[in-house]
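The values are calculated or read from the model by the stated rules, or taken from the named source; none is laboratory data. Because the structure is predicted, anything quoted here is derived from the model rather than measured. Don't worry about glycine lacking a Cβ; one is built from the backbone with ideal geometry, like all the others, and counts go over all protein chains shown.
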Amino acid sequence: MIRERIFLAAALTAVLTAAGAAQSQQAAIDRLKLAERLTRTLQGSATDRMAVPLAAGQFVRIDVMQIGTDVRVIFRDPDNHIVAEVDSPTGGYGPETVVAVVETAGDYSLEVSLSPGTSGKGTYEVTLSEAREATEADREFVTAHRLVRQALELRKKRTAEARRDVLELLGRSRDTFARFGDRYQQALALVTMGITMAESGEFRQALELSKQAADLCHLIGSLNLEGSARNNIGGMLDVLGDPRKALDSYRQAVSLFHAIGDITLEAVALSNIGKIQSDFGDWQKALEYYRQGLPLARSPAAEQQRHGVRGAGRSGAGGSAVSAGAGHAPRPPG
């Protein structure tokens, strides 16, 4: 009997200790405040959680800025149901944006983790950009984001019918983003539409969409997205028989990727230039560019990027946006 009492007392102590630890952990979760920007760190498979207190009927926008680290963001309601999940095909740069109109009051949860397939340690910034009474326009904006997520999921099917649906969904979202003045999301939709059109073999239409995307990215200063668009344009121009203009576009991509320190994609663009020079029969120039790209691709920093950042267009992260012989244009993974 004494042994049983000791055992029960020990078990009760363990339960109470665990409950106390859980309460302490819950109390330690940061609460996002409107317009306050937080800098956070991720390590390995850990998930960073933050509370977002909201009232029923509010529109919420949360911007998670990737700083060289590709992250996935999940937004949950007070009952732990997923309201939104975002993991845009932009690698480790640019925002992951959560938007929603919430139906119930309470503490919502924001979960940020490294994207599947990534590892290591990374940093990101998070801002509760908006939390206010929702309007009909807000609901339309939320729908546009949902259409993008649906389109990205459909792209995984890799069928002609799916590509047609992807283009229809992205076209609708692009128009909505344009009306609301969200030029980054508009540019991202255009980049993905251009890639999808190229996958359908419609390279001239793909080229026009990609040029629109590149110009818009340049206007808003999105170097990573512009670099991807310029690299795509180079591949499309090569397919369409204009290799000299393709060279110009690839060179712009090299400069953009160099500026943000993405040496993996810089190496890809340099390799594309080498391929064009090889097509010209200028073996010496081709060799020079391959020699510039190869050390970058083999460097420790590039190896770290491959394991810690899922770049939008590296080999193994979705392949080429154009057919073989046209270089390797970046594309969204999956």
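Laid out as a table, the results:
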quantity	calculated
Within the stretch 34-88, strands (runs of 3 or more DSSP E) holding 1 or more residues that are out of contact with any helix residue (DSSP H, G or I) (no Cβ under 7 Å at 6 or more places or on another chain) and of a type in the set (Gly, Ala, Ser)	48-54, 82-86
The lone exception for Gly201 - which of (1) touching a residue at least 60 places away in the same chain (Cβ under 8 Å); (2) over 22 Å from Glu85 (Cβ atoms) it fails	(1)
Pairs where the first residue, in the stretch 121-138, is touching a residue at least 12 places away in the same chain (Cβ under 8 Å) and the second is in a strand (DSSP E or B) and of a type in the set (Phe, Trp, Tyr), C-beta under 9 Å, 6+ apart	Glu130/Phe59; Ala131/Phe59; Arg132/Phe59; Glu133/Phe59; Ala134/Phe59; Thr135/Phe59; Asp138/Phe59
Candidates Leu152, Leu128 - the one that is among the hydrophobic types (A, V, I, L, M, F, W, C) and outside any helix (DSSP H, G or I)	Leu128
Residues within the stretch 192-215 that are touching a Lys or Arg at 6+ places or on another chain (Cβ under 9 Å), within 21 Å of Gly92 (Cβ to Cβ) and of a type in the set (A, V, I, L, M, F, W, C), tallied	2
Selected residue (criterion: modelled with the highest pLDDT) from residues of the stretch 1-33 that are aliphatic (A, V, I, L, M) and surrounded by 11 or more Cβ atoms within 10 Å (Cβ to Cβ)	Leu32
Any chance Leu265 is touching a Pro at 6+ places or on another chain (Cβ under 8 Å), at pLDDT below 95 and not small (Gly, Ala, Ser)	yes
Criterion violated by Ala214 - all others in (1) touching a helix residue (DSSP H, G or I) at 6+ places or on another chain (Cβ under 7 Å); (2) under 25 Å from Glu85 (Cβ atoms); (3) among the aliphatic types (A, V, I, L, M) satisfied	(2)
Selection count, the stretch 209-221, where residues are surrounded by fewer than 24 Cβ atoms within 10 Å (Cβ to Cβ) and touching a residue at least 12 places away in the same chain (Cβ under 8 Å)	5
Some residue of the stretch 162-185 being out of contact with any helix residue (DSSP H, G or I) (no Cβ under 7 Å at 6 or more places or on another chain) and polar (S, T, N, Q)	no
Residue count, the stretch 127-149 (criterion: closer than 24 Å to Val191 by Cβ and either surrounded by 13 or more Cβ atoms within 10 Å (Cβ to Cβ) or among the hydrophobic types (A, V, I, L, M, F, W, C) (or both))	11
Residue match in the stretch 102-114 (condition: touching a helix residue (DSSP H, G or I) at 6+ places or on another chain (Cβ under 8 Å), not in a strand (DSSP E or B) and not assigned by TED's automatic domain parsing to the domain that holds Ile263)	no
Residue satisfying condition, being touching a Leu at 6+ places or on another chain (Cβ under 6 Å) and part of a helix (DSSP H, G or I), within set Asp165, Asp215	Asp165
